[in-house]
Amino acid sequence: MSRQLLPKAVLSAKDQHFREFALHGNMWKVVLYVGTPLALYQSLNQLFKIFDSMMAAHISAGSVSAVAYLSQISLMLSALGGGLAIGSSLKISEAYGAGDFDLVKKRVSTLFAMCAVLGAVILALLVPFTPWFLRLARTPDAFISEGTLYFRLELFGMVISFFNNIYIAIERARGNSGRILRLNMAVIAIKMASTALFVYGFQCGISMISTATILSQLFLLAAAVRNMNQKDNAFGFSMKAVSLKPAVTFPMIGLSIPVIAEKMAFSFGKVIINSMSTIYSALTVGALGISNNICGITTMPQNGFQEGGSAIISQSMGAGKPRRALKAFGCVLAVNLVIGIVLMSCSLYFLDALSRLFAGNDPSFQKMIISIYRFEALGAIPLGVTASVMALLYGFGKTKLTLAINFCRVFVFRVPVLWFLQSFTSMGSLSVGVVMAVSNIATGIFALIIGIYEIVRICRRYEIPLSAPFPFSGFQKAWGKS
């Protein structure tokens, strides 16, 4: 389709207003406006996982371990769509900040088309061969027999979530964080009601937990279709705007490949850790998964501000405002440190009650959860630093560095440490908690070093003062103007 036949893309009044606000408003207000609903969105997603684990535990302790193990494999695959959404949305945000709305529309439409091809390939390759794939991932036989149908259903839900992740990423770039939150609350309600009906009402197995996920994701997909059906709007989908030209696709793919590799490597590392943990018992895998879920109470809100911050930074760079981009990083870092301190303290204070929800009437399982989480909780503050540095690197397009951070997090600071503890100590299942603490703290330090180096380099390149990332001088004026 020739360029002349394409209608000129325009912004709605709301999108135009947010662009002006993001590029010129007080940065504390911008970060909190964009990040707070996303933090709540991520927290609700974590609640999603926690209730899944609780309901799986109602079926049996083996079921919760199977769900924990297979979920990591599913996350490894979902990194394909998730990485594509993150990397591509950053280029969409950049074009949005630069005011090139025709390019925004082409990238939005092309991104959905690429997602459709990716989803079709995954389903064609993996659904017929699920048991073999699970064995290749070193899944215990007990989990394969119980979880093959569950995993096949997870694959369908994952492909639907590819489209939903892209839609969420686009809404995030537009500043529609409130819409993301409202839609996700509806998704949570559908998911929880369906899962409770299947597990408690019909006494179904873990496969119906995945079915409930599909139902809730279909609701979000329907909302995406409705809200993206805006032909002339820069953020609407149009088949005519799908373009395979290098100028459209290469920047998105180039930025996405390291993100995909980073997320797949991180999830694959978790699969390795789960596999190594089975030498203690299958329940150790379940306890580690539950500990990860409890830790997510703290880290998921931090990830929400990471996502919002990366979009703000990318828009600022698209508009040629590097100093403003660094100030956004400083705000995100301050917020994430506060979140880490407050929520880590709360989770430790209520740990006995939280662990009892998952362990049911199994006191030894509860004790295992508590012992692992007390170590894992130590990483909450360093992970807040990591999330903030990741926002900075994503926003500046440094996805190769984000790959390095997460690769080292798993394959330098985690897997070798667990191997050492298993080979040369007698800690037993406690070693999985120790390795989580070591890897999370080491990752935070590593990310901080990279962040400082990049900030110095950016300040020198754009000739701006090193004080640019420190937003506290304007904090007292934060509510003076928008």
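When we screen Thr284, Thr299, Thr249 for residues that are over 22 Å from the mean Cα position of the chain (by Cα) and within 20 Å of Arg414 (Cβ to Cβ), the only hit is Thr284. Considering only residues in region 100-125 that are more than 23 Å from the chain's Cα centre (by Cα) and without any contact (Cβ under 8 Å) to a residue 60 or more places away in the chain, the one that is farthest from Gly286 (Cα to Cα) turns out to be Asp100. Residues considered: Leu90, Leu134, Leu111. Of these, the only one that is in contact with a helix residue (DSSP H, G or I) (Cβ under 8 Å, 6 or more places away or on another chain), closer than 19 Å to Phe268 by Cα and either open to solvent by less than 10 Å² (accessible area, probe 1.4 Å) or not in a helix (DSSP H, G or I) (or both) is Leu134. Pairs are defined by a Cβ separation below 8 Å, a sequence spacing of at least 6 or placement on different chains, a first member in region 14-25 that is in contact (Cβ under 8 Å) with a residue 12 or more places away in the chain, and a second member that is among the polar types (S, T, N, Q) and surrounded by fewer than 19 Cβ atoms within 10 Å (Cβ to Cβ); the pairs so defined are Phe21/Ser482; Gly25/Ser482.
Per-residue answers, yes or no, for (1) modelled with pLDDT of 90 or more; (2) touching a Leu at 6+ places or on another chain (Cβ under 7 Å):
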residue	(1), (2)
Gly360	no, no
Ile369	yes, no
Gly379	yes, no
Met390	yes, no
Tyr394	yes, yes
Lys400	yes, no
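All conditions in (1) assigned to a helix (DSSP H, G or I); (2) in contact (Cβ under 8 Å) with a residue 60 or more places away in the chain; (3) not hydroxyl-bearing (Ser, Thr, Tyr) hold for Phe250, with the sole exception of (2). Every test in (1) surrounded by fewer than 20 Cβ atoms within 10 Å (Cβ to Cβ); (2) under 23 Å from the mean Cα position of the chain (by Cα); (3) without any contact (Cβ under 8 Å) to a residue 60 or more places away in the chain is passed by Ala212 save one, and that test is (1). Report yes if some residue within region 219-232 is of a type outside the set (A, V, I, L, M), in contact with a helix residue (DSSP H, G or I) (Cβ under 6 Å, 6 or more places away or on another chain) and surrounded by 21 or more Cβ atoms within 10 Å (Cβ to Cβ); otherwise report no. No, region 219-232 contains no residue that is of a type outside the set (A, V, I, L, M), in contact with a helix residue (DSSP H, G or I) (Cβ under 6 Å, 6 or more places away or on another chain) and surrounded by 21 or more Cβ atoms within 10 Å (Cβ to Cβ).
For region 1-31, residues that are part of a helix (DSSP H, G or I) and modelled with pLDDT under 75 total 3.
Take Phe237 and tell me if it is open to solvent by 30 Å² or more (accessible area, probe 1.4 Å), among the aromatic types (Phe, Trp, Tyr), assigned to a loop (DSSP other than H, G, I, E, B) and modelled with pLDDT of 80 or more.
yes
Being of a type in the set (D, E, K, R), open to solvent by 40 Å² or more (accessible area, probe 1.4 Å) and part of a helix (DSSP H, G or I) is a condition met by no residue of region 437-454. Residues that are in a helix (DSSP H, G or I), open to solvent by 30 Å² or more (accessible area, probe 1.4 Å) and farther than 25 Å from Val335 by Cα within region 267-306 comprise Phe268, Lys270, Ile272, Met276, Ala282, Leu283, listed in sequence order.
The set of residues from region 405-434 being of a type in the set (A, V, I, L, M), open to solvent by less than 40 Å² (accessible area, probe 1.4 Å) and more than 16 Å from the chain's Cα centre (by Cα) comprises Val410, Val415, Val417, Leu418, Leu421, Val432, Val434. State whether one or more residues within region 155-174 are open to solvent by 30 Å² or more (accessible area, probe 1.4 Å), of a type in the set (A, V, I, L, M, F, W, C) and over 18 Å from the mean Cα position of the chain (by Cα). Yes: one or more hits. Going by what's in this entry, would Ala98 be described as surrounded by fewer than 19 Cβ atoms within 10 Å (Cβ to Cβ) and either modelled with pLDDT of 80 or more or within 30 Å of Ser316 (Cβ to Cβ) (or both)? Yes, satisfied. Could you go through region 144-158 and let me know if any residue there is in a helix (DSSP H, G or I) and more than 26 Å from Val285 (Cα to Cα). For region 144-158, residues in a helix (DSSP H, G or I) and more than 26 Å from Val285 (Cα to Cα): absent. Could you tell me whether Ser161 is free of Cβ contacts under 8 Å to residues at least 24 places away in the same chain and part of a helix (DSSP H, G or I)? Spelling it out, it is not the case that Ser161 is free of Cβ contacts under 8 Å to residues at least 24 places away in the same chain and part of a helix (DSSP H, G or I). Quick check, is Val121 at pLDDT 85 or above, among the β-branched types (Val, Ile, Thr) and open to solvent by 30 Å² or more (accessible area, probe 1.4 Å)? So Val121 fits the description; yes.
Residue-by-condition table, conditions (1) of a type in the set (Gly, Ala, Ser); (2) touching a Gly at 6+ places or on another chain (Cβ under 9 Å); (3) modelled with pLDDT under 90:
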residue	(1), (2), (3)
Ser355	yes, no, yes
Pro363	no, no, yes
Gln366	no, yes, yes
Ile372	no, yes, no
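Taking Ala196, is it over 24 Å from the mean Cα position of the chain (by Cα) and under 23 Å from Gln42 (Cα atoms)? Yes.
The values are calculated or read from the model by the stated rules, or taken from the named source; none is laboratory data. Owing to the predicted nature of the structure, the values given are computational and were not obtained by experimental measurement. Reconstructed Cβ throughout: ideal geometry from the backbone, glycine too, with neighbour counts over all protein chains shown. For accessibility, only protein heavy atoms count, side chains too; no ligands or nucleic acids. Shrake-Rupley method; radii C 1.70, N 1.55, O 1.52, S 1.80 Å.
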